[in-house]
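Below: one structure, written as structure tokens.
The values are calculated or read from the model by the stated rules, or taken from the named source; none is laboratory data. Bear in mind the structure is a predicted one, so any value in this text is a computation, not a measurement. Glycine also receives a Cβ, built like all others from the backbone with ideal geometry; neighbour counts cover every protein chain displayed. The area values use the complete protein model at the heavy-atom level, side chains included, leaving out ligands, DNA and RNA. Shrake-Rupley method; radii C 1.70, N 1.55, O 1.52, S 1.80 Å.
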Amino acid sequence: MSSWRSLILRIGEKSPEYGGTIDHKDHIDACFGAVRRELEHSEDEILTFLLQCSEQLPHKIPLYGTLIGLLNLENEDLVKKILETTQKSLQDALDSGDCNKIRISMRFLTVLMCSKVVQPSSLVVVFETLLSCAATIVDDEKGNPSWQARADFYITCILSCLPWGGSELVEQIPEEIERVMVGIEAYLSIRRRVSDVGLSVFENINKDKLHVEQDFVEDLWGRIQDLSKNSWKLESVPRPHLLYEAQLVAGKSHDFGAISCPEQPDTPEALTEVSFGRQKHEAELKYPQRIRRLNIFSASKTEDVQPIDRFVVEEYLLDVLFFLNGCRKECAACMVGLPVPFRYEYLMAETIFSQLLLLPQPPFKPMYYTLVIIDLCKSLPGAFPAVVAGAVRALFDRISELDMECRTRLILWFSHHLSNFQFIWPWEEWAYVLELPKWAPQRVFVQEVLDREVRLSYWDKVKQSIEGTSALEELLPPKGGPDFRYSSEDEDKTEYTLSTELNGMVKGRKTARDVIIWVEESVIPVNGVEVALRVVVQTLLDIGSKSFTHLITVLERYGQVIAKICPNEETQIMLISEVASFWKNSAQTTAITIDRMMGYRLISNLAIVKWVFSQSNLDLFHTSDRLWESVVLQILRNALNKTYNRISDLRKEIINLKKNVVKAEQSAAKAKAELDAAETKLMLVDGEPVVGENPARMKRLKSNAATTKDDELSIRESLESKQALFARALEENQALFMSLYKKFRDVLMERLDDAFAFGENENHEHEAMAVDVDEEDNENQNPAMDMDKENGTSKRYTTSEKQEWCLSTLGYVKAFSRQYASEIWPHMDKLEEEIVTESVHPLFRKAVYSGLRLHIDG
């Protein structure tokens, strides 16, 4: 890397390029000197690289802004090109809805205004353009309030610029910026407050709290108001341009080109709750809320950080996580070295966990956040591991309030995290969970963490890690291994003999056709289909049990045999049951095997849904075998994902084919026009006028016209075929979701009335989980009871097994609705008509609607 590139890239860092020191003036001087020397030879490269760094290292934007301000003193043309490129980039981002690029471009413009590169009035014009669009969107008459997510995002972009340039704007154009602030206040008065229903990490136990809390936009507005009252002073934003104020003031401030916001989507002709909700869902997917604060640490941990400084540091952290996702070590290094003068380890942990647990889904796969946390623990060994441990304890204390999907994410993260630190954890702190009921969320959490650890390592290693709290061995899963029905003759001599014979056929390399003939002629007529199925599945699974490769080989060679025996849903359900029986000691292998069988189309999605809700499995739901339950739901999730992926692939193919049809039409029309023109053209042949060009050219034109027409017809046929497949896939998808919701409704309706009184206040989802006990009666309280220090009482988990089963299942209903909302919305009318009717239990209806972000009245 050339020196000027490394200086631009590493500016503001304690790096060798700058002698290992952090002095903003020294860094800017050195970088400016190197860039100025190279301008004559590498102007275009410098412009591109500088803008790229400004976009992807936004926590350094004040430094880059000052550098551009100094360049403006000597090369105005370069700076004009920078502004033109930025204007085009911002306009493209607005048109495409690229939220990160819009936000960063506006921050970049604000900093350039501070460095006297951009006219303050031009920046205000950008603000007012976005403000005007936002106000129009939320106007009931002129706009489309279902797209409020876009309007809120635009307002958030404006407000988030002010920590970087509010002071300069107020100083230079007080009336204009005041006009913007008044406009924002007016916008806040007409918009609808956004509830976190369905997206909150913690369940809202106190329902009344919803009426007094602020949403994200109102909260940011309050922080900006406080910043304004504090004369725009904050610690988290460096202001290096002040070091060069006397020089920068001599530079020419440029106008910034006009921008425009994209047209708002049309309001549905029939505006119903469903049509409004469908568009609202689409808007929130495109303009998602960036963070939902967890606030898992006590105020004493972060009380020294002012509200606006907390917002700025969160912005830094989220930017680093987003732009450096491809290099986790660089990401951790940047997170540790943010340009702020105070410690922020607790805030950093809260922000990372807020992303890991963000609903409906985090920006990146959970694995990414796991790796970042590991690298941060290694970068800050004296501070961050303790902070992470504190976060785990805080979340564990509130695990019963945690959304079911977030519980699963936390379990997966924590087990993976411990596997990178030799499974070391003070398990004695949680030994008291053994005294809790088997269905208590804290006990289940410990049990499932240990189970995931076994999957990541091996049983004896995990057992060794809890030797200090050996009682927890009770929560370890059984040692993995198959449970082969025909390992001896004791089970059934006839079936044992058949299994041995089949095993010999496989070892003798008999073909699938040979095995099918044997089954049809020798097994089924004598013993029946059920025995044939059991013998074939158990034997083939035993042969494939040595490794994943063995399993794949067996399914590839003899999958046809299974398909022949299991042609319908009834026999496929029996097949799944045999797999679950064979691998009953290894939940992970059960899920993997069924997933592979789905891949080979041996099992249908509807068969899986019916098996999940079969009576024997419902009994397992009810006996609180939560590990098994998570496996069932994993299998169900895999089935839904495969259907979802198939529909997504078809949708992409159809979009591409439609584009190809347009291109083919244009090519065919062009070829036809050329042929028509040639046919009507007069030319002389032997002195006589003849219509048409020479025969050779006419032949080529006719051939080209015919070929392009054939290509167009071929592409149209492909499009029609894909559209037919897409329509069939949507029908299958609808059937799958309707079947799933119907099963959920039926099993819940059987139990909800017993667990909770129908029609009561729905706020009882988590109420009565603890009962107060007089302090004087608790001198000998057991570890399963937590003292409430404020009121002198203790709390004990008292939710009944039935209630916990219902709460967990309702949590999964909500999680599925949320995860597959995009696929559910097209079927919402039918879902309301047939499943989520007025007669269903309000808690079931609430779970479905919460997952879809719909509000319902008790």
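Some points to look at:
- Between SER42 and LYS80, the FRET efficiency estimated from the beta carbon spacing at R0 = 22 angstrom works out to 0.80.
- Cross-link partners of LYS438 among lysines (Cα-Cα below 28 Å; sequence separation of 8 or more within a chain): LYS461, LYS463, LYS479, LYS584, LYS610, LYS743, LYS789, LYS795, LYS802, LYS814, LYS846
- Difference of contour (0.36 nm per residue) and Cα-Cα distance, SER6 to ASP595: 207.2 nm
- One compactness figure for segment 280-388 is 1.06, namely its Cα radius of gyration divided by 2.2 N^0.38 Å.
- Accessible surface of the chain, 1.4 Å probe, proportion on carbon and sulfur as whole %: 49
- Calculated log₁₀ intensity ratio I(q)/I(0) where the Debye formula runs over C-alpha points of the chain, q = 0.05, 0.10 Å⁻¹: -0.38, -1.25
- Residues of type lysines that LYS507 reaches as a straight line, Cα spacing below 25 Å, ignoring anything fewer than 8 places off in the same chain: LYS493, LYS546, LYS564
- The simple spin-label model puts a point 7 Å past each Cα toward its Cβ; for LYS378 and THR21 those points are separated by 3.1 nm.
- Separation of segment 224-269 and segment 346-420, taken as the distance between their Cα centroids, equals 34 angstrom.
- Normalised by the number of residues in segment 16-159, the mean separation of alpha-carbon contacts (under 8 Å, six or more apart) gives a relative contact order of 18 percent.
- Relative contact order, whole percent, for segment 443-532 stands at 17, derived from Cα pairs under 8 Å and 6 or more residues apart.
- For the chain, share of DSSP beta bridges that run antiparallel, in % to the nearest 5: 90
- Note: relative contact order over the chain, using C-alpha pairs below 8 Å and six or more positions apart, is 10 percent.
- Size of segment 53-134 as Cα extents on the principal axes (Å, biggest first): 38, 26, 20
- Basic side chains Lys and Arg get +1 at the Cβ, acidic Asp and Glu get -1 at the Cβ, and with that the dipole of the chain about its Cα centre reaches some 2740 debye.
- Kirkwood Rh, angstrom, segment 227-354 [1 / mean 1/r, Cα pairs]: 18.9
- When segment 401-491 is reduced to its Cα atoms, the Kirkwood hydrodynamic radius in Å: 14.3
- Straight-distance candidates among the lysines for linking to LYS142, with alpha-carbon spacing under 25 Å and chain neighbours fewer than 8 residues away dropped: LYS280, LYS286.
- Amide H contacts under 5 Å for VAL118: MET113, HIS254, restricted to partners 5 or more places along the chain or on a different chain, H placed in the peptide plane at 1.01 Å from N.
- 3J(HN,Hα) along segment 22-32, derived from phi through the Karplus expression 6.51 cos²θ - 1.76 cosθ + 1.60 where θ = phi - 60°, amounts to 10, 9, 4, 5, 4, 5, 5, 4, 5, 5, 4 Hz, with x in place of Gly and Pro.
- Segment 109-233: equivalent-ellipsoid semi-axes (sqrt of 5 x gyration tensor eigenvalues, Cα, Å): 29, 18, 12
- Given charges at beta-carbon only (K, R positive; D, E negative), |dipole| of segment 296-440 in Debye: 400
- Rounded FRET efficiency, nearest 0.05, which uses the C-beta distance separating GLN666 from LYS642 and R0 of 25 Å: 0.10
- Rolling a 1.4 Å probe over the protein heavy atoms gives the chain an accessible area of 46 Å² per residue.
- Long-range tail of P(r) for segment 21-174 (Cα pairs > 27 Å, %): 28
- Dipole magnitude (debye, nearest 20) for segment 359-417, charges at Cβ of Lys, Arg, Asp, Glu: 120
- GLN464-MET749 FRET efficiency (beta carbon distance; Förster radius 51 Å; 0.05 resolution): 0.65
- All C-alpha pair distances within segment 520-621, sorted into 5 Å bins from zero, spread as 2, 13, 24, 27, 19, 11, 4, 0 percent across the bins.
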